[in-house]
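J.: Handing you this structure, nothing more for now.
Coordinate-derived values only; no laboratory data. As the structure is a computational prediction, the values presented were derived from the model and not from experiment. With ideal geometry, Cβ positions are generated from the backbone for all residues, glycine too; neighbour counts draw on all protein chains shown.
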Amino acid sequence: MSAIPSSGPDRPPVLGRRGFLAIATRALLWATGGAAAAAIGRYLSYEPPAADPSRFTLEAPEAYPVGTRTLLTIAGAALYRDVGGFFARSLTCGHLGCRVGPADDGGFACPCHGSRFARLGDLVHGPAPRDLEGVALSIDEQGRLVLDMTSRVDAAWRLSAPHATLEDRRAGAAGSGG
Amino acid sequence: MSSATARPSFFEHLHPPSIPEAQARFRYTLGLGGLSAFFFLVVSLSGALLLFYYSPSAEQANASIQLLQYHVPLGWLMRGLHFWSGQALVVTAGLHLLRVALTGGHRGRRRFNWLLGLALLVLVLGLDFSGYGLRWDASIGWALLVGTNLLRQVPLLGEGLYRWAVGGPGLGEATVLRLFGWHVFGLMLPALALLVWHLFRVRRDGGIAHAPPAADEPTPRLPRRELVRGELLAMLLAGSALLIVASLAAPALDGPLDSAALSTEVHAPWFFLWIQELLRLGDPLWLGVALPLAALTLLALLPYSIDRGTILGRWLPRDGRIAQVLALALALGWGLLTLRGVLR
Amino acid sequence: MNASPRPMLLAALALAAGVALVGLRDQTPPYAPYGSVVPIALVPSLTGEPEYCLTCHDGIEEISPAHPTEVFGCVRCHGGQPLALDAETAHAGLLGGRNPSDFAVVEAACGGSECHGGTAEEGRDHIQRSRTSLQATYAGAIAAVRHAFGAQADSIAHFAVAAVSDPTMTSATGLPSLEALLPLATSEPAQVQALAERCLTCHLNTSSLDRPGFQRQSGCAACHAVANWEGTYSGGDRTIRRDESGHAAAHRLTTASPYSQCNTCHNRGNYSLVDMAFHERTDLASDGSAPRLAAYYQPISQFSACEWELDCIDCHAAGEVMGDGDLHSQMAEVRSVECRTCHGTPTEAPLTRSITDPDDLALRQARLNPASALQLGDTVVVTDRGDTLWNVLRRPEGAFVLTSKVSGTVYAVPQVSGSACEQDPKDQAASACHECHSIERP
């Protein structure tokens with residue numbers, strides 16, 4: 001905009017009124033530009049609250065007999081029931097997050113880099129560093145099993161089956177969380 | 001930024017090194033073309049930002065706009081800027097057309113650029129209408145139905161145009177996505193191309209139309225630095241006006257479009273109220289298609305067949321009465337029909 | 001020569017002013033006056049989608065324990081836009097305005113086979129029963145007036161307040177359909193037209209006269225959303241005005257409707273067939289302060305002690321009040337409770353039945369009332385049409401007790417058998433009992 005005269009021993013003051021206004025204008029415009037950039041940054045940072053995809057409602061406990069392993073493809077987990085009760089394993093491989101699938105030997109195999117797991121999710125071999133994670137189960141108000149994929153429980157965790165039947169809940173017995 | 005001896009900036013380079021001062025008088029052009037370009041810029045940028053949140057599906061469209069309006073930080077502002085700059089664009093483009101018609105700026109070698117501008121206006125109206133439709137709410141339901149059914153009335157091409165616009169035998173799931181495609185790309189890209197061509201033609205045709213200087217008169221010229229400064233000034237003022245209007249008046253938003261429960265108040269968008277008024281009078285083919293097309297054709301022919309004058313650079317030149325009367329009559333007709341629609 | 005920097009500065013200031021206005025607007029959203037500047041989200045388990053109604057309506061009462069807010073949310077019943085934060089957009093698509101139980105929208109709001117629009121076998125046919133009940137159709141009054149003035153030869157109903165049809169008839173007096181009575185039907189006698197114009201405000205299809213004492217909502221809320229004398233709201237929602245009539249007292253549904261709610265239509269006065277006008281009763285204080293004994297019935301009525309100490313619904317149970325699902329022409333066709341239902345006759349004890357099914361409708365109804373201690377295995381009184389009065393129990397030792405649904409007070413029910421009652425067993429009309437047992441009002 002306007003040239004700013006250099007100062008010297010016999011010169012008038014460095015910054016005249018015009019110079020000051022010019023700088024003020026520039027400062028204001030830069031500040032406004034900064035505010036606009038910050039605004040756009042704020043705008044783009046919003047994340048809408050997603051419907052919770054981590055809880056999955058399954059069937060009533062009677063649908064899963066003792067000794068079975070049920071593959072839940074939508075939830076990405078395997079549901080087991082033994083004499084101790086219900087438990088579940090996440091089917092997400094601990095290596096880089098691929099979904100493991102059932103293998104011929106009754107366990108699991110990861111299609112991405114070849115990790116192998118036993119029937120209950122224990123690590124057999126492969127680049128994966130650990131067993132398949134255990135996830136928690138609970139019973140909802142209508143007596144159905146609910147899987148919470150964000151939870152982590154150890155391999156010995158069980159949802160006790162005798163307390164989990166619908167009839168018992170109707171009769172007032174509290175459903176235990178194991 | 002730059003002193004008299006510094007090298008020109010990028011923005012200065014977009015302009016000729018200097019232009020005759022006669023071209024740059026605000027009272028002559030009213031800056032309408034420049035304002036239109038500015039609003040086009042704002043509407044494009046704000047639209048690009050809206051892309052991050054808008055969901056072009058029949059179930060999610062309205063809800064995604066509600067998310068923008070109420071929950072995304074400053075989403076209300078992006079939506080407001082997009083809407084108001086869009087409506088301002090239609091207004092300034094129309095006034096710019098009127099200005100050019102009334103000052104003879106369409107004459108001589110600028111005839112083709114007049115056509116480009118007219119095509120731009122049509123595209124801008126299409127962009128505004130498709131944008132309204134993207135709200136997918138109860139208040140645009142009937143307007144969308146009528147507007148697309150009107151397309152059907154065009155002889156020979158009607159059914160094809162309708163299918164292209166709507167994406168199926170009737171308004172439905174595919175329509176939102178179609179409108180989105182037209183709005184963001186199908187109409188936008190040609191509009192951008194035509195805008196660039198339009199601006200190029202302004203330069204190639206010798207800049208803004210002005211009276212050729214007399215032989216012995218001095219012809220002062222405006223350096224591009226001053227021109228850019230003036231444009232920046234106008235943009236700052238227009239920008240602050242947009243921010244103020246967007247803060248004070250939010251664009252309307254109704255609940256999602258549910259064909260079972262359309263509202264009883266049926267309004268075309270404001271820029272098509274004139275067509276709605278025409279359609280009240282009778283046959284959709286004659287009144288909704290033929291009449292607007294005839295008006296458009298008259299406007300297109302203005303510099304080719306109707307206006308034979310040569311005076312440039314002044315308002316209401318003496319040798320262009322027929323064209324001026326025609327332009328004013330069309331503008332007045334549009335205005336009266338729109339007023340009638342507003343007052344209902 | 002350089003131009004003055006002043007225009008640019010002013011333009012930059014204008015832009016800064018615009019930015020400042022934007023900031024101001026961002027800090028004062030439209031819902032700020034209601035207290036919460038941060039939107040309040042509610043994610044009901046039934047839908048899983050966030051709803052922001054509480055941003056403005058924070059403080060509103062939970063509608064009922066049977067409809068917990070964290071399960072149902074707001075939008076499932078009321079409609080509207082869950083994401084919106086200004087009143088106009090948020091209320092677009094609201095079902096029935098303030099009252100989603102209005103019969104115009106009740107199917108969408110309260111219906112569904114899992115809710116109140118299901119089958120009679122499951123006891124989920126509330127909407128169908130109330131829409132065909134006499135309180136909704138007003139068919140009895142219309143038929144009587146048309147018969148009185150010669151528009152029809154008998155007293156069988158042909159018209160109702162709104163057109164309604166009922167393809168399945170389970171009772172002998174059920175009708176298949178009724179047409180709407182239109183005020184402009186010039187084929188009707190003048191008095192019937194007057195009826196259609198002036199007298200059709202006491203039925204469930206419309207809201208009431210806007211006067212103190214008459215204040216009630218339309219639809220299901222007419223009985224289930226209790227209003228006060230002035231019809232003002234006194235709950236916790238800041239968006240609802242306190243000085244406006246036409247509201248229920250709180251955003252609450254109850255099955256324990258007190259007598260005062262019934263009296264928003266009943267006992268308000270008398271119609272005169274001479275001048276086809278409604279004459280309000282004049283014996284009550286206009287501010288609703290009249291005591292129960294004075295307010296309960298009109299001066300011309302006869303009633304016994306239980307008929308004013310108890311509330312209406314303690315005897316007139318759901319089967320009578322909400323109808324049996326059929327269109328009827330007269331109250332007498334649905335009314336089944338009599339004095340002997342609870343008190344018996346000299347030779348017969350009251351009819352009873354035992355509750356043996358854990359899904360018994362009586363148990364479900366009783367559980368909605370906190371005063372009730374009804375258990376599986378209890379014996380309750382039934383009318384001779386089969387309507388169960390679950391609040392009247394027979395104790396194992398043979399005594400009968402009644403628990404008031406509204407006050408919770410437990411009353412011993414004296415039995416006629418073994419008492420000094422001198423009734424004629426063949427005459428079981430209420431007027432016969434009133435001959436000895438009616439109360440003199442002071």
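J.: Using the number of other C-beta atoms within 10 angstrom as an exposure proxy, rank A:PHE20, C:PHE303 with the fewest first.
T.: Ordered from fewest to most neighbouring Cβ atoms within 10 Å, A:PHE20, C:PHE303 come out as A:PHE20, C:PHE303.
J.: Considering only the other residues whose Cβ falls under 14 Å of the Cβ of B:ASP258, what net charge follows from Lys and Arg at +1 and Asp and Glu at -1?
T.: It works out to a net charge of -3.
J.: How high is the relative contact order of chain B, in percent, with contacts defined as C-alpha pairs under 8 Å that are six or more residues apart?
T.: Relative contact order for chain B comes out at 29 percent.
J.: Taking every DSSP beta bridge with both residues inside chain C, roughly what % is antiparallel (nearest 5)?
T.: Close to 90 percent.
J.: Relative to the longest principal Cα axis of chain B, at what angle does helix B:75-103 sit, 0 to 90 degrees, rounded to 10?
T.: 50 degrees
J.: Any idea what the dipole of segment C:336-437 comes to, in debye rounded to 20, about its Cα centre with Lys/Arg Cβ at +1 and Asp/Glu Cβ at -1?
T.: Roughly 340 debye, rounded to the nearest 20.
J.: Something else: Which of the DSSP-defined H helices in chain C satisfy a minimum axial length of 24 Å, computed from C-alpha atoms, and a minimum mean Kyte-Doolittle hydropathy of 0.5?
T.: C:6-27
J.: On to the next question. Helix-only estimate, please: 222 nm mean residue ellipticity of chain C, summing -39500 (n - 2.57) across DSSP H runs of length 4 or more and dividing by its residues, to the nearest 500.
T.: Per the formula, -6500 deg cm²/dmol.
J.: In addition: Can you list residues whose amide H is under 5 Å from C:TYR411's amide H, if they're 5+ apart or on another chain and H is modeled 1.01 Å from N?
T.: Distant-sequence amide H within range of C:TYR411: C:LEU402, C:THR403, C:SER404.
J.: So what's the net charge close to C:TRP308: Lys and Arg +1, Asp and Glu -1, counting the other residues with Cβ under 13 Å from its Cβ?
T.: That sum, taken over residues with Cβ under 13 Å, equals -3.
J.: Per residue of C:170-183, how many C-beta atoms from partner chains lie within 10 Å of its own C-beta, taken as a mean?
T.: Counting Cβ atoms of other protein chains within 10 Å of each residue's Cβ and averaging gives 0.
J.: When a/c is below 1.5 the answer is rounded, else prolate if a/b is larger than b/c, else oblate, so apply that to segment C:131-225 with a ≥ b ≥ c taken from the square roots of the Cα gyration tensor eigenvalues.
T.: oblate
J.: To the nearest whole number, what is the average tally of beta carbon atoms from other chains within 10 Å of the beta carbons of peptide B:328-335?
T.: Rounded to a whole number, the mean comes out at 0.
J.: List the GluC sites (Glu not before Pro) in segment B:1-78 that DSSP assigns to loop (not H, G, I, E or B) and whose Cβ has at most 12 other Cβ atoms within 10 Å. Which are they?
T.: B:GLU59
J.: Expressed as a rounded percentage, what relative contact order does segment A:55-170 have, with Cα pairs under 8 Å and six or more residues apart?
T.: Once normalised by length, the contact order is 27 percent.
J.: Whole-Hz Karplus ³J(HN,Hα) for segment B:148-159, in order, using 6.51 cos²θ - 1.76 cosθ + 1.60 and θ = phi - 60°, x for Gly and Pro?
T.: My calculation for segment B:148-159 gives 6, 5, 5, 4, 4, 6, 4, x, 6, 8, x, 4 Hz in order.
J.: What does the structure give for B:230-240 when I average, per residue, the other chain Cβ atoms found within 10 Å of the residue Cβ?
T.: 5
J.: Then there's this: To make sure I understand, if each residue's beta carbon is the centre and we count other beta carbons within 10 Å, what order do C:VAL22, B:VAL154 fall in, fewest to most?
T.: The order, fewest Cβ neighbours first, is B:VAL154, C:VAL22.
J.: If packing is taken as the mean number of other Cβ atoms within 10 Å per residue, what is the order of C:269-280, C:77-88, C:186-197, highest first?
T.: So the order, starting with the most tightly packed, is C:77-88, C:186-197, C:269-280.
J.: From Cα pairs below 8 angstrom and at least 6 apart in sequence, can you work out the relative contact order of chain C, rounded to a whole percent?
T.: It rounds to 12 percent for chain C.
J.: D for segment C:73-176, whole µm²/s, Stokes-Einstein with Kirkwood Rh over alpha-carbon pairs at 25 °C and 0.890 mPa s: what number?
T.: 153 µm²/s
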